[in-house]
There are 2 protein chains.
Amino acid sequence: MKRIVECVPNFSEGRRPEVIDAIVAAIERIEGVKVLDRSSDADHNRTVITFVGPPETIGDAAFAAIARAADLIDMDSQQGEHPRMGAADVVPFVPISAVTMDECVHIARELGARVGQELGIPVYLYEAAALRPDRINLGEIRPRSHQYEQKKVDVGVVEKWAPDFGPAKVGKAGTIAIGARAPLIAYNVYLTTGDVEIAQKIARAVRHSSGGLHFVKAHGLLVGGKAQVSMNLTDFNKTPIYRVVEMIRREAARYGVSVESSELVGMIPQRALVDAAAWYLQLDNFEPRLIIENRLMEE
Amino acid sequence: MKRIVECVPNFSEGRRPEVIDAIVAAIERIEGVKVLDRSSDADHNRTVITFVGPPETIGDAAFAAIARAADLIDMDSQQGEHPRMGAADVVPFVPISAVTMDECVHIARELGARVGQELGIPVYLYEAAALRPDRINLGEIRPRSHQYEQKKVDVGVVEKWAPDFGPAKVGKAGTIAIGARAPLIAYNVYLTTGDVEIAQKIARAVRHSSGGLHFVKAHGLLVGGKAQVSMNLTDFNKTPIYRVVEMIRREAARYGVSVESSELVGMIPQRALVDAAAWYLQLDNFEPRLIIENRLMEE
């Protein structure tokens with residue numbers, strides 16, 4: 001199996017494509033790293049870049065991107081709808097294939113130390129890489145009420161905002177959150193009904209916040225006249241996609257409807273689909289090396 | 001998607017590892033080609049090598065292997081339980097990823113012409129690469145009653161045995177079958193019973209030869225006290241693995257038993273499992289590029 005880490009940094013720039021081009025170019029100069037996607041939003045004034053690479057060099061690519069963003073984005077003049085605290089705002093590392101979460105935590109912390117020291121940017125470590133319990137949740141590091149301007153005032157003064165790495169002083173590049181998290185799967189299930197209330201009831205049944213499965217966020221919507229259960233699966237290793245779908249099927253039957261189809265929004269790790277196949281087929285001896293393509297990707 | 005062809009040549013040598021080492025080395029010298037497996041049987045005096053590579057060079061690797069086998073294996077002294085007609089006996093090309101069957105047919109025919117001309121070996125094209133209907137089935141090209149010794153007598157004399165390429169004369173390297181076929185999946189399903197008759201009845205229901213699904217070969221066995229439906233799925237694109245399993249589940253219920261587990265014997269293309277996941281999850285917008293690993297393999 002090829003060892004793959006994904007990095008999905010968010011930058012506070014969604015209006016100047018030349019800036020994003022420069023950041024992408026800095027990432028692509030690093031050996032073994034590949035940019036899969038870039039997506040800019042002008043209203044939010046924000047861009048998400050998705051790239052993958054081996055654990056050995058993915059941190060170098062993220063560093064190059066952060067340095068370039070710090071050069072080209074001046075937070076004193078940046079405005080947009082999305083909460084933000086820095087030029088490179090949020091940088092998560094995600095284990096995709098043959099890499100552990102611990103390795104991603106290590107990459108995030110090493111990068112945090114380097115960004116603090118070499119770029120002079122205050123760094124907060126979050127999610128699995130967090131060093132303090134009040135920094136696990138990104139929302140607590142960058143609430144709408146404490147963005148770039150407030151960080152500038154409070155970092156170095158208020159203990160709560162002391163960075164994990166870097167100076168206790170905020171420059172024009174702002175501050176940054178660097179972390180490690182499980183892959184996120186955006187997944188929607190359509191029901192054979194136009195009754196949105198059924199989708200809402202099912203969403204409440206399956207999601208964590210109202211008593212359902214641990215790593216599921218869900219809400220019910222009406223999309224093109226069809227009731228849809230719209231979800232984020234935040235850790236498919238612990239709450240697998242097939243268990244979520246089977247639970248939705250059972251709940252739907254309760255209301256006399258069934259699943260009409262489902263859809264992925266964005267990409268998915270191979271493992272999430274292959275685990276589903278193995279579960280439904282009751283494949284007991286399955287291991288990823290039995291897939292021919294995986295053997296070819298071995299070094 | 002990376003373009004991948006698999007080649008699974010059978011050689012009439014299973015007792016001298018140094019001969020197999022030399023053939024493997026010849027394959028591995030070709031750019032972009034990777035040997036995944038080698039499996040020798042001393043009683044059959046036969047070795048199967050599995051290698052993969054891009055459509056551009058996989059034929060060169062097969063040619064190198066055939067040439068080396070022709071040098072090192074003398075069919076006049078070769079003996080074993082398995083029917084055989086040449087040093088390199090059977091050479092199929094299999095489309096694995098982003099390659100069509102037509103492309104594999106083209107690779108097989110080009111290789112056939114080259115083996116005939118440059119190595120002076122009589123070549124029969126088989127399965128999807130066959131040029132005559134009586135050569136689609138390998139069993140008709142190499143029946144137990146017409147092996148190396150009979151080919152030596154009849155090729156050049158009997159029209160039925162006129163080769164598709166190469167001289168109408170058999171040397172010490174014998175003759176060879178070169179072809180193209182769909183990936184073969186060896187797949188077993190265990191039932192919650194020790195009654196082998198149930199496995200046999202289910203095998204008869206699902207297999208092509210007795211009225212079942214087109215690309216399924218099956219028989220019922222008792223393995224470790226459990227009834228097993230043992231299968232070869234010879235074209236998973238047309239008869240997918242999930243349809244076979246669901247049919248077995250339904251038949252098993254008829255006899256009051258169910259599927260306990262299933263197992264793969266050997267490797268499987270990613271697509272076969274991912275198609276099963278998409279079917280069970282009712283994923284309507286699925287395409288292979290949504291898998292992160294596939295994007296990384298793109299050239």
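The values are calculated or read from the model by the stated rules, or taken from the named source; none is laboratory data. A quick note: this is a predicted structure, and the numbers were derived from the prediction, not measured. Note: ideal-geometry Cβ built from the backbone for every residue, glycine included; neighbour counts use all protein chains shown.
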Legend entry - Condition check for A:VAL170: β-branched (Val, Ile, Thr), touching a Phe, Trp or Tyr at 6+ places or on another chain (Cβ under 6 Å), more than 22 Å from B:ALA277 (Cβ to Cβ) and surrounded by 18 or more Cβ atoms within 10 Å (Cβ to Cβ): no
Legend entry - Unmet criterion (only one of (1) facing chain A (nearest Cβ under 9 Å); (2) under 27 Å from the mean Cα position of the chain (by Cα); (3) not polar (S, T, N, Q)) for B:LYS217: (1)
Inset, instruction - Please state which of the following conditions B:THR234 fails to meet, knowing it meets all the rest: (1) surrounded by fewer than 19 Cβ atoms within 10 Å (Cβ to Cβ); (2) within 14 Å of another protein chain (Cβ to nearest Cβ); (3) under 19 Å from the mean Cα position of the chain (by Cα). - result: (2)
Inset, instruction - Answer yes or no: is there a residue in the stretch A:280-296 that is at pLDDT 95 or above, more than 9 Å from chain B (Cβ to nearest Cβ) and either part of a helix (DSSP H, G or I) or surrounded by fewer than 19 Cβ atoms within 10 Å (Cβ to Cβ) (or both). - result: no
Inset, instruction - Search the stretch B:171-198 for residues being among the aliphatic types (A, V, I, L, M) and over 25 Å from the mean Cα position of the chain (by Cα), and hand back the single one that is nearest to B:ARG254 (Cα to Cα). - result: B:ILE198
Inset, instruction - Would you check which residues across the stretch B:244-299 are charged (D, E, K, R) and closer than 29 Å to A:PHE51 by Cβ and list them? - result: B:ARG271, B:ASP275, B:ASP284, B:GLU287, B:ARG289, B:GLU293, B:ARG295, B:GLU298, B:GLU299
Legend entry - Segments classed as strands (runs of 3 or more DSSP E), wholly inside the stretch A:1-106, with at least 2 members that are in contact (Cβ under 8 Å) with a residue 12 or more places away in the chain, away from chain B (no Cβ under 14 Å) and crowded, with 18+ Cβ neighbours inside 10 Å: A:46-53, A:88-97
Inset, instruction - Select from the stretch A:250-279 the residues that are surrounded by fewer than 17 Cβ atoms within 10 Å (Cβ to Cβ) and either at pLDDT 95 or above or basic (Lys, Arg) (or both) and list them in ascending order. - result: A:ARG250, A:ALA253, A:ARG254, A:TYR255, A:GLY256, A:SER258, A:GLU260, A:SER261
Inset, instruction - Pull up the stretch B:262-279, narrow it to residues that are in a loop (DSSP other than H, G, I, E, B) and at the interface with chain A (Cβ under 7 Å from one of its Cβ atoms), then point me to the one that is farthest from A:LEU184 (Cα to Cα). - result: B:MET267
Inset, instruction - Run A:VAL259 past the list (1) in contact with a Ser or Thr (Cβ under 7 Å, 6 or more places away or on another chain); (2) touching a residue at least 12 places away in the same chain (Cβ under 8 Å); (3) facing chain B (nearest Cβ under 7 Å) and report the number of the one that doesn't hold. - result: (1)
Legend entry - Looking only at the stretch A:235-251, and only at residues there that are of a type outside the set (D, E, K, R) and in a loop (DSSP other than H, G, I, E, B), the one that is farthest from A:ASN188 (Cα to Cα): A:ASN237
Legend entry - Neighbours by Cβ (under 6 Å, 6+ apart or cross-chain): first from the stretch A:145-167, assigned by TED's automatic domain parsing to the domain that holds A:GLU13 and more than 14 Å from A:MET85 (Cα to Cα); second among the β-branched types (Val, Ile, Thr) and surrounded by 20 or more Cβ atoms within 10 Å (Cβ to Cβ): A:ASP164/A:VAL123; A:PHE165/A:VAL123; A:GLY166/A:ILE121; A:GLY166/A:VAL123
